[in-house]
Amino acid sequence: MSGVLAPVPPDVAALLGGVGVPTLSAVLSARGLRSRFLHGIVPAGEACRCVGPALTIRAIPVREDLREAIARGEAPNLHRRFLGAAPAGSVIVCATGGAWHVSVLGDIIATALHRNGVAGFVSDTGVSDLPAVSRLPLPVFHCGGSAPVPSGAAVMIIDQGLPVGIAGVAVFPDDVMVGDASGVLCIPRAMLRDVAEAAAEKERMEGWILDRIAAGDPLDGTYPPDAQTRARYEAWLRAR
């Protein structure tokens, strides 16, 4: 792996940053991709909006002799090496096979990632120092809650830059991860602009529909919009 991730074009990043994960999930589903949302992966704190290319990292069950060799300095600590070299703007996706009872991240590593400009961190583990991590500006998504048990008790990071499976989702290097308070999902890079533009339009229409429902329009025919409602929406767009 070269370590170079293609940035998300600024106009596309702006679109993605303005729409919700549920809207993106609906757009992807309409295009036949119904396995893009990472079920059970939740934000650690209020700082949860992120957009960026996936830096994939894979862990496997620990082998004790290698763990001890790392502790003695006789083998490289890939955990520290990969996280320390994560490029600015990337969203780290660390797949462990669901080691929810241990952590690959605590407040010190999270602070270093934020300092280095990493856009977000996603893992199917718990988090150490969860109260402190939840207050940091770095968006962190996890599945195990508080897990003050080092990852070496169960897993070891072994490689990066390869496709991984996490929370039932296949994530390829350079796919784009989008997270918010609803969770996190993965968009294939080839579909990125189409999905972003469609999601922005869908969210604009649904905002208009929400206003109509709040104003007293009936649910039936307004949502989902029938032909008459769509015509009203198009007229509203033209008037803008």
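All of the numbers you see were taken from the coordinates with simple rules; none came from a lab. Owing to the predicted nature of the structure, the values given are computational and were not obtained by experimental measurement. Counting neighbours? That spans all protein chains shown, and the Cβs are built from the backbone with ideal geometry, glycine included.
Any idea what the dipole of the stretch 195-239 comes to, in debye rounded to 20, about its Cα centre with Lys/Arg Cβ at +1 and Asp/Glu Cβ at -1?
My answer is approximately 140 debye.
Tell me what the chain gives for mean residue ellipticity at 222 nm when only DSSP H runs of n ≥ 4 count, each as -39,500 (n - 2.57), the sum divided by the residue total, rounded to 500 deg cm²/dmol.
-10500 deg cm²/dmol
Normalising by the residue count of the stretch 73-161, find the relative contact order in percent from Cα pairs under 8 Å and 6+ residues apart.
For the stretch 73-161, the relative contact order is 33 percent.
Relative contact order of the chain, please, whole-number percent, based on alpha carbon pairs below 8 angstrom and at least 6 residues apart.
Worked out over the chain, it gives 29 percent.
Taking each pair of different alpha-carbon atoms in the chain once, compute 1/r for the pair, average those values, and report the inverse of that mean as the Kirkwood hydrodynamic radius in Å to one decimal.
Result for the chain stands at 19.1 Å.
Take the alpha carbon atoms of the stretch 150-175, find their center, do the same for the stretch 58-117, and report the distance between the two centers in whole angstrom.
10
Antiparallel as a % of all DSSP beta bridges within the stretch 10-191, to the nearest 5?
60
Run through the DSSP bridge list for the stretch 96-240 and note the antiparallel percent, rounded to the nearest 5.
60
For the stretch 121-187, calculate the relative contact order in percent as a whole number, restricting contacts to Cα pairs under 8 Å that are 6 or more residues apart.
After rounding, I find 24 percent.
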